[in-house]
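**Q** After the structure tokens below, expect a handful of questions from me.
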Amino acid sequence: MAKIKVIADENVHMAIVEGLKRRGVTAWSVQTAGRSGLSDEEQLEYTTSQGACLLTHDDDLLILADQWRKNGRRHGGIIYVHQQALKIGEIIRRIKTLVDLNTAEEMGSHI
């Protein structure tokens, strides 16, 4: 069973990515992957090709995921966090718990 990998989109603060990495989570950003400025669909395709979940604050990705579901397309999973709902430390703790308790296979096409 593969561990969950996390790729943060452009809207996610880099402190979250760094905090996840310090806690042993395989995490990187679309910026460090040289994928800045691409569409949500391209980002979701990339994260899926990497066997990773897309971490985002962008609720447009929820609409895109629903479109993919309706078209029978699968993705690597989306971790959606409302930008103003939680502080950075709490976001890191919750994602670390998610990674510890689930597998990449279980996250596939889930939000």
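**Q** Just need the Rg to Rh number for the stretch 47-111, please, alpha carbons only, Kirkwood Rh.
**A** 0.98
**Q** Using a Förster radius of 25 Å, what is the FRET efficiency between Glu90 and Thr32 based on their Cβ-Cβ separation? Nearest 0.05, please.
**A** With R0 = 25 Å, the Cβ-Cβ based efficiency is 0.60.
**Q** How far, in nm, would the chain grow between Ile63 and Met14 when pulled straight, counting 0.36 nm per residue and subtracting the alpha carbon separation?
**A** 15.2 nm
**Q** Another question, if that's okay. Using a 1.4 Å probe over the heavy atoms of the protein chains, calculate the carbon and sulfur portion of the accessible area of the chain as a whole percent.
**A** The value for the chain is 49 percent carbon and sulfur by accessible area.
**Q** List the residue ranges in the chain for DSSP H helices whose C-alpha atoms run 15 angstrom or more along the long axis and whose Kyte-Doolittle average is -1.0 or above.
**A** 60-70, 88-101
**Q** State whether the stretch 13-76 is rounded, prolate or oblate according to the following rule on the C-alpha gyration tensor (a ≥ b ≥ c being the square roots of its eigenvalues): a/c under 1.5 gives rounded; otherwise a/b larger than b/c gives prolate, and the remaining case gives oblate.
**A** In terms of gyration-tensor shape, prolate.
**Q** Something else now. Using a 1.4 Å probe, what is the accessible area per residue for the chain, in Å²?
**A** Counting only protein heavy atoms, the per-residue value for the chain is 55 Å².
**Q** Right, next: For a bin width of 5 Å, list the pair-distance distribution of the chain built from all Cα-Cα distances, rounded to whole %.
**A** So the P(r) values, bin by bin, are 2, 13, 26, 26, 21, 9, 2, 0.
The values are calculated or read from the model by the stated rules, or taken from the named source; none is laboratory data. Predicted model only: the values in this text are computed from it and were never measured. Glycine gets a Cβ as well: all are built from the backbone with ideal geometry, and neighbour counts include every protein chain shown. These area figures cover heavy atoms from the full protein model, side chains too; ligands, DNA and RNA do not enter into them. Shrake-Rupley method; radii C 1.70, N 1.55, O 1.52, S 1.80 Å.
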